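Chemist: I am attaching a structure below and will ask some questions about it afterwards.
The values are calculated or read from the model by the stated rules, or taken from the named source; none is laboratory data. Computed from a predicted structure; not experimentally measured. No Cβ is skipped: glycine too gets one built from the backbone with ideal geometry, and neighbour counts run over all protein chains shown. Surface accessibility is based on the protein's heavy atoms, side chains included, excluding ligands, DNA and RNA. Shrake-Rupley method; radii C 1.70, N 1.55, O 1.52, S 1.80 Å.
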Amino acid sequence: MIGKATSEVEINIPSSEYIQRDQFDSYHCSVDIFPGKSFPLQLIGITHKANMNQLYTMRFRLSGEEKNLPGPGMSTMVTILYKPEEGRRVSVPLSSVFETNQGSSVWVYDGVTETVRSHPVKIAQVLVSGIVVISSGLEEGDVVISAGVHSLKEGEKVRLLPAVSPTNVGGML
């Protein structure tokens, strides 16, 4: 509309997300000063050249018709939803995922040899809660490593931590 000010949001994404841009479906954002509220976003564009940090810039327009929209300088969390895919999805903690030259990966534990091996995965969604939704790359029953992922090596022997006892409230013992 002519004369109506619109707010814009700008984010930077890594190359592992940039190469999946055709799978982006919709976008929304949340702002700390508007707790529990989500604002729909309309994609304006994505730069086709990475910046000095190897990140690609995405620009959005707030597409809501509300009077109280976020303003310049406000810290915003953007959520990118991917197009639905066939197959089953798995959720893992964000701390389980690491980047390689081939993209996103996780370490999968082999209980027989007590070693880990790297599995490339396809990320469908990253949730604000710190959970990553994986659309492919994991099988049912895979045990995914969630701590120390940046210090492990292919085939390294590891031990799993014992489960926390139900009587050990808070896991302090």
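Chemist: State whether one or more residues within the stretch 93-109 are open to solvent by 60 Å² or more (accessible area, probe 1.4 Å) and closer than 23 Å to SER26 by Cα.
Modeler: yes
Chemist: Checking LEU138 against (1) closer than 27 Å to VAL78 by Cα; (2) open to solvent by less than 50 Å² (accessible area, probe 1.4 Å); (3) part of a loop (DSSP other than H, G, I, E, B); (4) modelled with pLDDT of 90 or more: exactly one of these is not met. Which one?
Modeler: (4)
Chemist: On to the next question. In the stretch 133-151, what residues are touching a Phe, Trp or Tyr at 6+ places or on another chain (Cβ under 8 Å) and more than 26 Å from ILE80 (Cβ to Cβ)?
Modeler: VAL143
Chemist: Among the residues of the stretch 117-132, write down those that are open to solvent by less than 60 Å² (accessible area, probe 1.4 Å), closer than 14 Å to PHE98 by Cα and among the hydrophobic types (A, V, I, L, M, F, W, C).
Modeler: If the condition is that a residue be open to solvent by less than 60 Å² (accessible area, probe 1.4 Å), closer than 14 Å to PHE98 by Cα and among the hydrophobic types (A, V, I, L, M, F, W, C), then VAL121, ILE123, ILE131, VAL132 are the ones that fit.
Chemist: Any residue in the stretch 125-145 that's of a type in the set (Asp, Glu): show its pairings with residues that are surrounded by 11 or more Cβ atoms within 10 Å (Cβ to Cβ) at Cβ separation under 6 Å, as long as the two are six or more apart or on different chains.
Modeler: Close Cβ pairs satisfying both conditions: ASP142/VAL108.
Chemist: Out of the stretch 4-25, which residues are surrounded by 13 or more Cβ atoms within 10 Å (Cβ to Cβ), touching a residue at least 40 places away in the same chain (Cβ under 8 Å) and either farther than 25 Å from GLY73 by Cβ or in contact with a helix residue (DSSP H, G or I) (Cβ under 7 Å, 6 or more places away or on another chain) (or both)?
Modeler: If the condition is that a residue be surrounded by 13 or more Cβ atoms within 10 Å (Cβ to Cβ), touching a residue at least 40 places away in the same chain (Cβ under 8 Å) and either farther than 25 Å from GLY73 by Cβ or in contact with a helix residue (DSSP H, G or I) (Cβ under 7 Å, 6 or more places away or on another chain) (or both), then SER15, SER16, GLN20, GLN23, PHE24 are the ones that fit.
Chemist: Now a separate question. Give just the number: which of (1) in a loop (DSSP other than H, G, I, E, B); (2) under 17 Å from ILE19 (Cβ atoms) does GLU99 not satisfy?
Modeler: (1)
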